[in-house]
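Asks: One structure, pasted below without further comment.
The values are calculated or read from the model by the stated rules, or taken from the named source; none is laboratory data. All values derive from a computational prediction rather than experimental measurement. So basically every Cβ, Gly included, is an ideal-geometry build from the backbone, and we count neighbours across all protein chains shown.
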Amino acid sequence: MEGLSEYVVQSEIDCMMLLQRGESNRIKRSTKMNLKSSRSHSILQILIETDQVDSKGKLKWAKLNLGDLAGSEKIHKEEEM
């Protein structure tokens with residue numbers, strides 16, 4: 001998909017740097033309902049893997065999906081204000 005990026009990180013600091021980079025790349029503008037409304041969608045998927053195995057000999061891992069839909073405030077409501 002266009003505009004997607006994938007990064008491998010090794011530490012919490014690496015993760016925070018990527019989050020800050022993503023936030024600085026988001027487009028924002030003010031609306032009557034929100035002074036810093038995001039104009040771009042943001043989707044973040046975090047996959048955490050470890051080299052530890054469970055009792056069945058399988059590697060432990062977890063996946064977290066986060067999404068922020070841009071401009072979730074209703075533009076029609078704004079026009080009424």
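Asks: Does any residue in the stretch 53-75 that is closer than 23 Å to residue 42 by Cα and modelled with pLDDT under 75 come within less than 7 Å, Cβ to Cβ, of a residue that is surrounded by 11 or more Cβ atoms within 10 Å (Cβ to Cβ) and charged (D, E, K, R) six or more places away or on a different chain, and which pairs are these?
Replies: Close Cβ pairs (under 7 Å, with a partner that is surrounded by 11 or more Cβ atoms within 10 Å (Cβ to Cβ) and charged (D, E, K, R)) amount to 70/39; 71/39.
Asks: State which residue is surrounded by the most Cβ atoms within 10 Å (Cβ to Cβ) when the search covers only the stretch 1-22 and only residues that are part of a loop (DSSP other than H, G, I, E, B) and acidic (Asp, Glu).
Replies: Looking at residues that are part of a loop (DSSP other than H, G, I, E, B) and acidic (Asp, Glu), I get 6.
Asks: While we're on this one: Any residue that is at pLDDT 90 or above and among the β-branched types (Val, Ile, Thr) - is there at least one of those in the stretch 26-47?
Replies: no
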